[in-house]
């Protein structure tokens, strides 16, 4: 019984620590987007972009509102490119060099194969085509509270 009480207490402490994480503004982050679909071989990479006024969770350096940034890419592909049902992700870092390494690693997964054949149709979106817009964590918090 003591073990169960201890485990419950430990779980509550962990949950409480996550709930108390502070959001802090940073002047900018570097970000790129990636989109793929399970129904075709087309994958999209955005250019690495500097996004101003981002919010980072102080405890674990998570970018706040990540889903809103990935939705921006998803909506662009759906509305402007007529490519619905894309799974979109964003990758970010406060250091451009670190993000460039991640970008090259991801790109290599989709352009180089062991058999020498190209299995994916890789498409690039430059900043003239698609640009991330800043998302305010404060606005989203207020919306969630209502």
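Residue 134 passes all but one of (1) closer than 17 Å to residue 30 by Cβ; (2) crowded, with 17+ Cβ neighbours inside 10 Å; which number fails?
Of (1) closer than 17 Å to residue 30 by Cβ; (2) crowded, with 17+ Cβ neighbours inside 10 Å, only one is false for residue 134: (2).
Do the conditions hold for residue 26, that is, is it more than 13 Å from the chain's Cα centre (by Cα), assigned to a strand (DSSP E or B), surrounded by 13 or more Cβ atoms within 10 Å (Cβ to Cβ) and in contact (Cβ under 8 Å) with a residue 40 or more places away in the chain? Break it down stepwise before answering.
Values: more than 13 Å from the chain's Cα centre (by Cα): yes; assigned to a strand (DSSP E or B): yes; surrounded by 13 or more Cβ atoms within 10 Å (Cβ to Cβ): yes; in contact (Cβ under 8 Å) with a residue 40 or more places away in the chain: yes.
Criteria met by residue 26.
If you go through the stretch 120-136, how many residues are over 17 Å from the mean Cα position of the chain (by Cα), over 13 Å from residue 73 (Cα atoms) and outside any strand (DSSP E or B)?
Matching residues across the stretch 120-136 total 2.
Is there a residue being surrounded by fewer than 11 Cβ atoms within 10 Å (Cβ to Cβ) and within 21 Å of residue 52 (Cα to Cα) anywhere in the stretch 96-109?
yes
Which pairs turn up if I take residues in the stretch 119-131 that are within 13 Å of residue 32 (Cβ to Cβ) and look for partners that are in a loop (DSSP other than H, G, I, E, B) and at pLDDT 95 or above with beta carbon separation below 6 Å, at least 6 apart in sequence or on another chain?
126/47; 127/47
The values are calculated or read from the model by the stated rules, or taken from the named source; none is laboratory data. Being a predicted model, the structure only gives us computed values, none of them experimental. Note that we place each Cβ from the backbone using ideal geometry, even for glycine, and neighbour counts take in every protein chain shown.
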